[in-house]
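Written below as structure tokens is the structure these notes are about.
The values are calculated or read from the model by the stated rules, or taken from the named source; none is laboratory data. Being a predicted model, the structure only gives us computed values, none of them experimental. Here the Cβ positions follow ideal geometry from the backbone for every residue, glycine too, while neighbour counts run over all protein chains shown. Note: areas computed on protein heavy atoms with side chains; ligands, DNA, RNA excluded. Shrake-Rupley method; radii C 1.70, N 1.55, O 1.52, S 1.80 Å.
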Amino acid sequence: MTTDPTMTRIGQGMELHHKGQREAARDMFARIWDDIGGEQGDPLHVCVLAHSMADVQDDVRQELTWDLRALAAADLLTDERVAQAGSPLSVAGLYPSLHLNLSECYRKLGDFDRAREHLQQARAGVGALDDDGYGRLIRGGLERLAEQLGETT
């Protein structure tokens, strides 16, 4: 359980998204983005918020922009900072999902070479995931994407 108020707000936005309220989630995420100082904010907040904001975009190019922001912020994170926020994941555990989303964006844009590059990077990092619901979700997403890209698992 997180005690970080920004992470709590991001979680509330994610709940809106999961309830099908994409526009409300997008609006909430935009307010949080302004509150944290955008890309100059705490890398954990930037990473999680950008990763979440990508999921509520209607345009794949905007989705890609947000996913790239999330990846850049992850590169600035430490395991200590992630643990401070109450997350059970390590920084390494963030990368498979980040690369999965980037791969999917590039696939949608028809850039299959980049899609395969990010798929490969996501696969290389799945060892950092537990065999829990989240780990199975990401692994399943990688399998589906690999099939769409004509890759073997």
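Overview of results
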quantity: Helix-only mean residue ellipticity at 222 nm for the chain, each DSSP H run of n ≥ 4 adding -39500 (n - 2.57), per residue, nearest 500; calculated: -22500 deg cm²/dmol
quantity: Accessible surface of the chain [probe 1.4 Å, protein heavy atoms]: carbon and sulfur percent; calculated: 48
quantity: Contour minus Cα-Cα distance for Gln21 and Glu147 (0.36 nm per residue); calculated: 42.4 nm
quantity: Which of Gln148, Gly127, Pro88, positive extreme of dipole for segment 75-151 (C-beta unit charges); calculated: Gln148
quantity: Area accessible to solvent at Leu109, 1.4 Å probe radius, in Å²; calculated: 60
quantity: Where Asp75, Asp42 fall by accessible area, highest first, once all protein chains stay in place (1.4 Å); calculated: Asp75, Asp42
quantity: For the chain, alpha-carbon Rg and Dmax in angstrom; calculated: 15.0, 43
